[in-house]
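The values are calculated or read from the model by the stated rules, or taken from the named source; none is laboratory data. Everything numeric here is computed off the predicted structure, so don't read it as measured data. Virtual Cβ from ideal backbone geometry, glycine too; neighbours counted across all protein chains shown. Please note that ligands, DNA and RNA were not included when accessible areas were found on the heavy atoms of the full protein model with its side chains. Shrake-Rupley method; radii C 1.70, N 1.55, O 1.52, S 1.80 Å.
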Amino acid sequence: RMNKLRVNKLTMITFYIVLTVIAIIQVYPFFWVITSSFKTAEQLASTPAYSLPQQLFMGNYERAMQSNLPRYFLNSIVVAVCVLAALVIISAPVAFALSKLRFRQSEKVMSFFLFGMMIPVFSCLIPMFRVYNALGIRNTYWALIIPQVGFGLPMCIYLYKNFMERIPDSLVEAAEIDGASPWYVFTKIIFPMSKNVTVTIITFNFIYIWNEFVYANTFMTKNIMKTLPIGLNDFIGEMGMVDWGSTFAAITLTIIPTLVVYFILNRQVIDGMTSGAVK
């Protein structure tokens, strides 16, 4: 028995060591970027990457904010808010109809949406570019909102539908007996109960939208319409020279919103991934 306890203890120690190493590997890039954003150019050139700044030098952030970074922030926020709102507004009612109303072709409709998950994004770039160019919506917010909503809907509908199917039909039947319309059942009963799934969808899609590069790089050529991932190229000067201090500051400002959203909504995200079984 003592040998078994020793083996279990050794296993736990090894497990925690491995977790610690993995955590360090995952956290170190963030540590490096954030600490480097507070270093002067001389400190960046003469001190190791893992060293702490000798003082909090804010000049990098001042130069970053004097660029077009605030405009890129605004563009990313507008696109993210519009895409997330459209995903929730469209996918939740569709999932309710597929899971609770159960019309004859509901399974085929769901298969149609799931088929969209198998279409590679890159295969649609040239057709979308030509269509947007013909419609005159290239270099507008619509050029980023439309494709992200279209490609994001299948997964959102799938998550909503799987959750709503686990909500007892007796709730819907009781409401219908009391004279509630399908829209009332959805807005007052089903959708409020789907709060955790909504938070999960918003969180994961926000991180993807905030870091989206392909559409922005393809459809946005005017500086005033660039989003943050594309706008970071502004800090690369002639002959490939990079203002590393301002670049690190801009990257730090860029990743803060995603970290804040995830840490604030982390509990709801976990509940949203597991609550379906409980419901």
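Ranking 251, 30, 69 by how far each Cα lies toward the positive end of the dipole of the chain (charges on Cβ) leaves 30 at the top.
Ellipsoid fit via the Cα gyration tensor, region 102-160: semi-axes of 27, 12, 11 Å, each the root of five times an eigenvalue, largest first. Here the scattering of the chain is modelled by Debye summation over its C-alpha atoms, one equal scatterer each and no solvent; at q = 0.07, 0.17 Å⁻¹ the log10 of I(q)/I(0) is -0.40, -1.29. Cβ under 9 Å from residue 185's Cβ, residue 185 left aside: what net charge do those residues give with Lys, Arg +1 and Asp, Glu -1? With Lys, Arg at +1 and Asp, Glu at -1, the net is +1.
From the square roots a ≥ b ≥ c of the eigenvalues of the alpha-carbon gyration tensor of region 1-131, which class results: rounded (a/c under 1.5), prolate (a/b over b/c), or oblate? Note, shape of region 1-131 comes out oblate. Membrane-span-like helices in the chain (whole DSSP H runs, Cα extent of at least 24 Å along the helix axis, mean Kyte-Doolittle hydropathy of at least 0.0): 2-36, 69-96, 142-164, 244-278.
Cα centroid separation, region 170-209 to region 19-89: 37 Å. Between residue 129 and residue 222, the FRET efficiency from the beta-carbon distance, with R0 = 22 Å, is close to 0.90. Mean separation of Cα pairs under 8 Å and 6+ residues apart, divided by the residue count of the chain: what relative contact order is that in percent? It rounds to 29 percent for the chain.
Entry comment: accessible area of the chain is 60 Å² per residue, from protein heavy atoms only and a probe of 1.4 Å. Label residue 13 and residue 260 with points 7 Å out from Cα along Cα→Cβ: what is the distance between them in nm? In this crude spin-label approximation the distance works out to 4.4 nm.
Could you look at region 74-136 and say what percent of its accessible area is carbon and sulfur, using a 1.4 Å probe and all protein chains? Summing carbon and sulfur atoms, their accessible area is 74 percent of the total for region 74-136. Over the Cα atoms of region 56-197, the radius of gyration divided by the Kirkwood radius equals 1.13; this is the Rg/Rh ratio. Dividing the summed helix terms, -39500 (n - 2.57) for each DSSP H run of n ≥ 4, by the number of residues in the chain produces a 222 nm estimate of -23000 deg cm²/dmol to the nearest 500. Can you tally the lysine pairs in the chain where the Cα-Cα distance is under 22 Å and the two residues are eight or more apart, or on different chains? Within the chain, the lysine pair count is 11.
Summing +1 for each Lys or Arg and -1 for each Asp or Glu among the other residues whose beta-carbon sits under 14 angstrom from that of residue 176 gives 0.
Considering the chain as a Gaussian network with a 10 Å cut-off on Cα pairs, which listed residue, 138, 104, 71, attains the greatest mean-square fluctuation? Looking only at 138, 104, 71, the largest GNM fluctuation is found for 104. Highest GNM mean-square fluctuation among 35, 218, 47, for the chain modelled with Cα contacts below 10 Å: 47.
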